[in-house]
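**Q** This is the structure I want to talk about, given as C-alpha cells.
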Amino acid sequence: DIQMTQSPSSLSASVGDRVTITCRASQSISRYLNWYQQKPGKAPKLLIYAASSLQSGVSSRFSGSGSGTDFTLTISSLQAEDFATYFCQQSYSFPLTFGPGTKVDIK
Amino acid sequence: QVQLVQSGAEVKKPGASVKVSCKASGYSFTTYGISWVRQAPGQGLEWMGWISTDNGNTHYAQNLQGRVTLTTDTSTSTAYMELRSLRSDDTAIYYCVRDVLGVEYFDYWGQGTLVTVSS
C-alpha cells in the first residue's frame with residue numbers, strides 16, 4: 001500500500017498569510033494526488049485534483065504542485081473561511097489512501 | 001445538480017451488521033464510480049472501498065476485506081455499503097463519494113451517516 005504523510009500536522013496562521021502544506025507519498029504516484037478541505041461537522045470538499053488542477057468553483061488562491069513523491073498545497077493569502085483541516089489523497093493505485101491531515105487554525 | 005443522499009444514523013450492537021444507502025441524482029449514475037470513506041470521531045479519513053457502477057467490480061481496503069460489501073442498484077441509482085461483525089472501533093461517519101473513473105478523485109460527497117456501535 002502507498003503511505004501518505006503530511007507536514008506539518010497543524011499550523012497557526014493569520015489572515016493574509018501565505019500557507020504551504022506538504023504531502024509525501026511512500027513511492028512515486030506521478031501526479032495522482034488530490035487535496036481536500038474539511039470544516040468541522042462538514043463533509044470534505046475537493047480543492048485540487050491531479051496535483052495542480054483547480055476544481056470548478058474553488059478560489060484561485062488555492063494552488064497545488066508537485067509530482068512523483070512530493071507535493072504541496074499553497075494558499076496564497078489565507079482568508080477567514082480557509083481555517084480548516086486539509087487532507088491529501090493518492091489515486092495512483094488501489095487501495096486509495098489519505099494523508100493524516102493538516103489543521104490550519106487562527107494565530 | 002449532483003446530489004448523493006445517504007440514509008439516516010444507525011445505532012448497532014457489537015457483532016451486528018449495518019447497511020447504509022446512498023442515492024445519487026443529477027448525473028448519469030453508471031459513468032462514475034462510488035467509493036466509501038469513513039471518519040472515526042476526531043480522526044482522519046479512511047478509504048473503505050470502491051465499486052464500478054458499470055460492471056460491479058470492487059476493490060476493498062485490506063483491513064475491511066471479508067467484513068464489507070459494496071453493491072449498487074442501477075435501476076434506482078443507489079449504492080449500498082454493508083459492514084458486518086461490527087466493533088466499537090467501527091463507530092464513525094460513513095460517506096459515499098462520487099469517484100471520477102480512471103483518476104479516482106472524489107468530486108461529490110454524501111452528507112455522511114453516523115454509525116454508532118455500542119452495547
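The values are calculated or read from the model by the stated rules, or taken from the named source; none is laboratory data. For clarity, every value in this text was computed on a predicted model and none was experimentally measured. Note: ideal-geometry Cβ built from the backbone for every residue, glycine included; neighbour counts use all protein chains shown. Remember, those area values only see protein heavy atoms, side chains included, never the ligands or the DNA or RNA. Shrake-Rupley method; radii C 1.70, N 1.55, O 1.52, S 1.80 Å.
**Q** I need a count of the residues in the range A:87-107 that are charged (D, E, K, R) and in a strand (DSSP E or B).
**A** Of the residues in that region, 2 qualify.
**Q** Then there's this: Checking B:G42 against (1) in a strand (DSSP E or B); (2) over 27 Å from A:S56 (Cβ atoms); (3) within 14 Å of another protein chain (Cβ to nearest Cβ): exactly one of these is not met. Which one?
**A** That leaves (1) as the condition not met.
**Q** Quick one: B:C96 ticks every box in (1) under 23 Å from A:F98 (Cα atoms); (2) open to solvent by 10 Å² or more (accessible area, probe 1.4 Å) except a single one, so which number is it?
**A** Checking B:C96 against (1) under 23 Å from A:F98 (Cα atoms); (2) open to solvent by 10 Å² or more (accessible area, probe 1.4 Å), the one that fails is (2).
**Q** Right, here's the next one. Would it be correct to say that B:V97 is part of a loop (DSSP other than H, G, I, E, B), within 12 Å of another protein chain (Cβ to nearest Cβ) and not acidic (D, E)?
**A** So B:V97 fails the test.
**Q** What's the number of the only condition in (1) in a strand (DSSP E or B); (2) in contact (Cβ under 8 Å) with a residue 24 or more places away in the chain; (3) within 14 Å of another protein chain (Cβ to nearest Cβ); (4) open to solvent by 40 Å² or more (accessible area, probe 1.4 Å) that B:E82 fails to meet?
**A** Exception for B:E82: condition (3).
**Q** Are any of the residues in the range A:58-79 under 13 Å from the mean Cα position of the chain (by Cα), within 13 Å of another protein chain (Cβ to nearest Cβ) and of a type in the set (F, W, Y)?
**A** The answer is no, given that none of the residues of the range A:58-79 is under 13 Å from the mean Cα position of the chain (by Cα), within 13 Å of another protein chain (Cβ to nearest Cβ) and of a type in the set (F, W, Y).
Let's see how each residue does on (1) touching a residue at least 40 places away in the same chain (Cβ under 8 Å); (2) among the acidic types (D, E); (3) over 15 Å from A:S7 (Cβ atoms):
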| residue | (1), (2), (3) |
| --- | --- |
| A:Q55 | no, no, yes |
| A:R61 | no, no, yes |
| A:G68 | yes, no, yes |
| A:F71 | yes, no, no |
| A:I75 | yes, no, yes |
| A:L78 | yes, no, yes |
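**Q** Let me ask something additional. Test each condition in (1) away from every other protein chain (no Cβ under 11 Å); (2) on the phi > 0 side of the Ramachandran plot for A:A50 and report the one that comes out false.
**A** Unmet condition: (1).
**Q** Filter the range A:94-107 down to the residues that are open to solvent by 40 Å² or more (accessible area, probe 1.4 Å) and not basic (K, R), then identify the one that is farthest from the other protein chains (Cβ to nearest Cβ).
**A** That would be A:I106.
**Q** Within the range B:100-116, take every residue that is open to solvent by less than 20 Å² (accessible area, probe 1.4 Å) and part of a strand (DSSP E or B) and give me the one that is nearest to the other protein chains (Cβ to nearest Cβ).
**A** B:F106
**Q** Just checking, which of A:A25, A:A43 is of a type in the set (A, V, I, L, M), under 25 Å from B:L64 (Cα atoms) and away from chain B (no Cβ under 12 Å)?
**A** When all the criteria are applied, what remains is A:A25.
**Q** If I ask for residues that are open to solvent by 50 Å² or more (accessible area, probe 1.4 Å) and either modelled with pLDDT under 95 or of a type in the set (G, A, S) (or both), which ones from the range A:48-78 would you list?
**A** Result: A:S52, A:S56, A:G57, A:S60, A:S63, A:S65, A:S67, A:S76.
**Q** Something else: Just checking, which of A:T5, A:T20 is surrounded by fewer than 18 Cβ atoms within 10 Å (Cβ to Cβ) and in contact with a Cys (Cβ under 9 Å, 6 or more places away or on another chain)?
**A** Checking each option against the conditions leaves just A:T5.
**Q** Among the candidates B:T72, B:T30, single out the residue that is part of a strand (DSSP E or B), among the polar types (S, T, N, Q), over 11 Å from B:R98 (Cβ atoms) and open to solvent by 30 Å² or more (accessible area, probe 1.4 Å).
**A** Of the residues listed, the single one that is part of a strand (DSSP E or B), among the polar types (S, T, N, Q), over 11 Å from B:R98 (Cβ atoms) and open to solvent by 30 Å² or more (accessible area, probe 1.4 Å) is B:T72.
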